[in-house]
1. Any idea how many residues of the range 32-72 are over 18 Å from the mean Cα position of the chain (by Cα), closer than 26 Å to T352 by Cβ and part of a loop (DSSP other than H, G, I, E, B)?
2. Within the range 53-101, can you find the residues that are closer than 17 Å to L24 by Cα, at pLDDT below 95 and among the polar types (S, T, N, Q)?
3. Show me the strands (runs of 3 or more DSSP E) entirely contained within the range 418-522 in which 1 or more residues are aromatic (F, W, Y) and within 30 Å of the chain's Cα centre (by Cα).
4. Could you please tell me which pairs satisfy a Cβ distance under 6 Å, a separation of 6+ or placement on different chains, a first residue in the range 346-369 that is under 25 Å from A332 (Cα atoms), and a second residue that is in a helix (DSSP H, G or I) and of a type in the set (K, R)?
5. Those residues that are aliphatic (A, V, I, L, M) and under 19 Å from the mean Cα position of the chain (by Cα), I need them from the range 327-371; list them, please.
6. Which one is modelled with the highest pLDDT, of the residues in the range 339-349 that are of a type in the set (K, R) and touching an Asp or Glu at 6+ places or on another chain (Cβ under 9 Å)?
7. Restricting to the range 350-409, and then to whatever is aromatic (F, W, Y) and part of a helix (DSSP H, G or I), can you tell me which residue is modelled with the lowest pLDDT?
8. Go through (1) surrounded by fewer than 20 Cβ atoms within 10 Å (Cβ to Cβ); (2) touching a Leu at 6+ places or on another chain (Cβ under 8 Å); (3) at pLDDT 80 or above for M1 and report which single condition fails.
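The values are calculated or read from the model by the stated rules, or taken from the named source; none is laboratory data. As the structure is a prediction and not an experimental result, all values here were calculated from the model. In this analysis, Cβ positions are derived from the backbone assuming ideal geometry, glycine residues included, and neighbour counts consider all displayed protein chains.
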Amino acid sequence: MRGCGASQVEEVSSLGVALSASLLGCGDACLGLDSQGVFASKFSAARSQTEDKELGLPMAREGCVRLKFGLEHRLTPFAFVTIGLQCIDKLSEDPQLILRSTDQIQFRRNSTKVLVEIDPEDVRYTTSTAVGNRVCLMEQVLSKLATFVSSPYEDDPAYPIAITNLWKHYAGNTVFTTDLLGLGEEPTPSAPTPSAPTPSAQTPSAPRRSGPKSSAPRGSSARRSGPNPKLSVRSFSEPADAETQALERIKTKFMLAYKLLDPTEEYKAMHWRGVCRPPLGLNSLHQVAVVPQGGGLEMGGVGIPDFQARGLQMAISGALGHELGVRGELCADCQPRTKVDLRTPAWLRTITAAAAPEWSVRDSDGKEKGRTWFQVAYAASEQVRADAESLGLGTVIIPFSHVWKPWKIECVGEACVTHELQLQLKHGCLVQLRDLLQTHRLTSNVANSLVRQLRQRLKHVGSCCCIGSYAQVFVSLEQRCPRLTALQRVDETKLRIVLTPECMQAESKEQATLITDQFIQTFKADAGYFDGPLS
């Protein structure tokens with residue numbers, strides 16, 4: 001058993017799922033990953049070509065993507081170590097390769113494996129202020145990468161403290177004030193310009209050292225025939241053996257940490273974790289559940305009792321046990337199981353909270369120190385008004401008694417509806433629709449059911465009312481009166497639509513229909529078209 005997994009969540013705009021947030025890890029391959037894709041979905045952590053262009057970055061290498069590292073996109077500590085080892089190897093294999101920016105680090109778009117590619121054209125990353133020799137520059141990049149690490153395992157005694165200490169060391173280290181090669185002087189703080197060379201700049205550069213060929217495409221070898229003007233002079237006058245020894249020392253530190261979770265040292269054979277969006281459907285007991293890849297009840301999948309009998313045997317307990325993969329198994333997120341609430345997994349809620357807008361449901365909502373349903377609804381209404389303005393629409397207040405039709409209970413009047421939704425909020429069974437889509441795909445049966453409910457709710461609130469924003473739609477997990485089977489007492493469950501009590505209003509029925517249809521098409525795409533087309 002080895003690996004580092006995570007669950008994925010997304011930060012989205014209210015009008016359409018766009019920006020993302022996630023905790024990415026690596027480990028053994030999840031059996032369901034090939035059916036989902038890795039970075040193909042808009043929910044993935046990959047930057048689009050448009051986003052790269054807006055940031056002034058060169059186009060990613062062919063077949064590769066950059067990841068949107070930052071506040072919303074985090075790495076697990078073990079993923080940091082795995083990526084770091086591959087970066088060290090790349091520099092060791094190609095003595096002409098320089099790593100000066102995290103944006104040079106790219107990954108194969110269609111591969112489930114964590115395979116690092118480094119853009120060899122470092123001179124294109126001119127916004128970098130890093131200075132120093134190759135090793136120093138690499139460690140500055142690793143220090144930057146370490147600031148994107150989040151660890152949910154620090155309270156778990158099973159998690160190796162050496163890995164935590166390594167990434168924390170890099171995250172808090174100002175590398176370019178350190179002489180990493182131990183030669184008794186600090187890197188030059190700025191590089192001389194080629195037009196005005198200094199005497200030290202005329203020092204002959206070290207001869208090109210032999211080594212394995214770079215993986216860069218043909219033509220990239222002409223990128224540099226002498227000292228790089230963006231580097232300090234010292235960087236090309238270091239003894240070759242000193243640079244090699246420095247890289248070996250760094251690799252030894254990373255490898256000692258890595259082997260604590262994977263004694264096989266197969267860090268180039270690791271697969272992505274935290275990129276799965278398991279499908280929600282109905283199991284054989286008519287319960288909302290994570291269903292097997294390929295369907296639940298509607299596709300002849302197994303029921304929850306069958307899964308519980310088989311189970312997933314974890315060798316390590318706690319948060320790390322949730323993270324680590326088992327060779328030949330589904331990841332913990334994709335394991336079929338019944339849903340008892342719609343909360344984000346506890347070990348991801350800190351990251352989720354940092355990325356979520358005000359109108360998103362928080363874990364504390366419904367509890368003593370959290371917001372009430374009325375306060376949550378008011379926050380969502382503010383976003384609905386902003387979104388309506390951007391579309392050139394008005395809004396109208398919906399009576400609380402019309403925002404929701406319970407599945408199997410009688411609930412009439414504003415007081416009753418408010419009370420029941422407050423209970424749903426308290427038990428984690430009421431979330432924004434877009435938050436549900438961040439972590440799950442939907443089977444066609446479940447998605448079509450939500451679409452039908454959405455259209456039915458609109459019929460009760462006004463002829464020109466429409467849905468054009470995710471801020472308008474909540475989802476509740478409801479249960480009907482329990483029934484008895486031959487084996488056990490069973491509570492059937494279902495997902496139900498709850499509208500925000502402020503609705504967009506168009507100028508005509510035709511415009512309202514068009515806006516709602518466009519939103520539903522966006523929703524269908526975001527639901528993942530799992531197990532068939534949607535109506």
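1. Going through the range 32-72 one residue at a time, the tally reaches 1.
2. Scanning the range 53-101 gives a single hit, T76.
3. Values: elements: 430-432, 473-479, 493-499, 502-505.
Of the strands (runs of 3 or more DSSP E) lying wholly inside the range 418-522, those with at least 1 residues that are aromatic (F, W, Y) and within 30 Å of the chain's Cα centre (by Cα) span 473-479.
4. If the second residue must be in a helix (DSSP H, G or I) and of a type in the set (K, R), the pairs left are D363/R349.
5. L330, A332, L342, A346, L348, I351, A353, A354, A355, A356, V361
6. R343
7. To start, the set of residues in the range 350-409 that are aromatic (F, W, Y) comprises 359, 373-374, 378, 400, 404, 407.
This time we only want the ones that are part of a helix (DSSP H, G or I), so: 373-374, 378, 400.
On the way: W373: 91, F374: 91, Y378: 94, F400: 80.
Taking the candidates together, the pick is F400.
8. (3)
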